[in-house]
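Have a look at the structure below before the remarks.
The values are calculated or read from the model by the stated rules, or taken from the named source; none is laboratory data. Given the structure is predicted, the values throughout are model-derived calculations rather than measurements. A quick note on method: Cβ atoms are made from the backbone with ideal geometry, for glycine too, and the neighbour counts reach across all protein chains shown. Surface areas here come from the heavy atoms of the whole protein model, side chains and all, with no ligands, DNA or RNA. Shrake-Rupley method; radii C 1.70, N 1.55, O 1.52, S 1.80 Å.
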Amino acid sequence: MKADKSLDCIGLYCPMPIVKTAEIIKQLRTGEVLEVVADDKGIKQDMPAWCDLTGHEFLGVEEDGEIRVYVKKTHD
Amino acid sequence: MVESSKLSEKESPKTKEEAKKEKLTLVVFSGDLDKTLAAFILATTAASSGMDVSMYFTFWGLNVLKKNEGGIKSKGLMRKMLNFINRGGSKRLTLSKYNMMGMGTWMMKGLMKDVNIPSIDEFITMSHKMGVKMIACTTSCGVMGVPEDSFRSEVEILAGAAYFLREARDADITLFI
């Protein structure tokens, strides 16, 4: 999946990937896609949940050893 | 008609943001390293999810907020003794289990550092920057002889039970840790 920005969260556990996602998404424009690369499996459940909480759109997961989750910014 | 529906569509994200924010309140009764860690993980995640967060520190929880440096200037022998053996400070917290004279805590801190988990000290700074409200319980301060100047600068409010209950009444989630 194509993304406008990528966030490296390799080696980080909950809550840091979510904390960093919330920080970095501010730099994106509405409609842009953020890719979060992580190796903590929790992200696969946590990111959709975070999107439910914040209203951003969860686009999906890709796994190739590393876990890549995609979020579309839907509002400021 | 068309115009008004367009308008409401356009404004819907704004209205969502303007609507009452969801809120998490935590009572941090424990001054244990492990339990405090759980509290801060929830607090920072909630703040990152756009929620308002209030943490109410009482009894042993006050230890989390005590400054790491300097002494606690209590009045009276009993309270002086209490704050000597129960010095507190985010860097002095110990595990609720397997502290083993500090060995267990030292090991756990090492394990946490190894996987990049922030320390309690870092969590306090981070939470404060994210707008988490940290409140110290005045009754506990009185009973245990902890003067206001014992607390780090991130503590902005000293208050009692009524203040917490008002916070909790407006909250969607409240936990006692």
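Answer rounded, prolate or oblate for segment B:62-177, using the Cα gyration tensor with square roots of eigenvalues a ≥ b ≥ c: rounded when a/c is under 1.5, else prolate when a/b is larger than b/c, else oblate. In terms of gyration-tensor shape, oblate. If you take every DSSP beta bridge fully contained in the protein assembly as shown, what fraction is antiparallel? Give it as a percent rounded to 5. Bridges in the protein assembly as shown are about 40 percent antiparallel.
Spin-label model, B:Lys80/B:Ser96: points 7 Å from Cα along the beta carbon direction are separated by 3.4 nm. Take every DSSP beta bridge whose two residues both sit in segment B:20-176; close to 5 percent of them are antiparallel. Projecting the Cα atoms of B:Met51, B:Ala161, A:Gln27 onto the dipole axis of the protein assembly as shown, where Lys and Arg carry +1 and Asp and Glu carry -1 at the beta carbon, places B:Ala161 farthest toward the positive end. Give the residue from A:Gly11, A:Met1, A:Gln45 lying farthest towards the positive end of the charge dipole for the protein assembly as shown; charges sit on Cβ (+1 for Lys and Arg, -1 for Asp and Glu) and the dipole is referred to the Cα centre. After comparing all options, I get A:Gly11. Each Lys and Arg contributes +1 and each Asp and Glu -1, all at the Cβ; summed about the Cα centre of segment B:18-93, the dipole is approximately 560 debye. Within 10 Å of the Cβ of each residue in A:47-53, the mean number of Cβ atoms contributed by other protein chains is 2. Rounded to a whole number, what is D in µm²/s for the protein assembly as shown from Stokes-Einstein with the Kirkwood radius over alpha-carbon pairs (10 °C, 1.306 mPa s)? Translational D for this selection: 79 µm²/s. Taking the Cα centre as origin and putting +1 on Lys and Arg beta-carbons and -1 on Asp and Glu beta-carbons, what dipole magnitude results for chain B, to the nearest 20 debye? Using only the charged Cβ atoms, the result is roughly 700 debye. Of B:Arg152, B:Arg79, the residue with the largest accessible area leads and the full order is B:Arg79, B:Arg152 (1.4 Å probe).
Tell me whether chain A comes out rounded, prolate or oblate; compute the Cα gyration tensor, take square roots of the eigenvalues as a ≥ b ≥ c, and use a/c under 1.5 as the rounded threshold.
Prolate, because a/c is 1.5 or more and a/b exceeds b/c.
Distances between placed amide hydrogens fall under 5 Å for A:Lys5 paired with A:Val33, A:Glu35, all partners being 5 or more residues away or on another chain. When you count the other C-beta atoms within 10 angstrom of each residue and take the mean per peptide, A:34-44, B:96-106 line up highest first as A:34-44, B:96-106.
Each helix, a run of at least 4 DSSP H residues, gives -39500 (n - 2.57); summed and divided by the residues of the protein assembly as shown, these come to -12500 deg cm²/dmol at 222 nm. Here the Kirkwood formula, the inverse mean of 1/r across different C-alpha pairs, assigns segment B:122-177 a hydrodynamic radius of 12.6 Å. A Cβ-based charge dipole, computed about the Cα centre of segment A:22-76 with Lys and Arg at +1 and Asp and Glu at -1, lands at about 240 debye. For the residues of A:2-15, the average number of beta carbons from a partner chain within 10 Å of their own beta carbon is 2. The alpha-carbon atoms of segment B:10-121, seen along their principal axes, cover 63, 38, 22 angstrom, with the largest extent given first. Shielding by partners for peptide B:47-55, expressed as the average number of C-beta atoms from other protein chains within 10 Å of each residue's C-beta, is 4.
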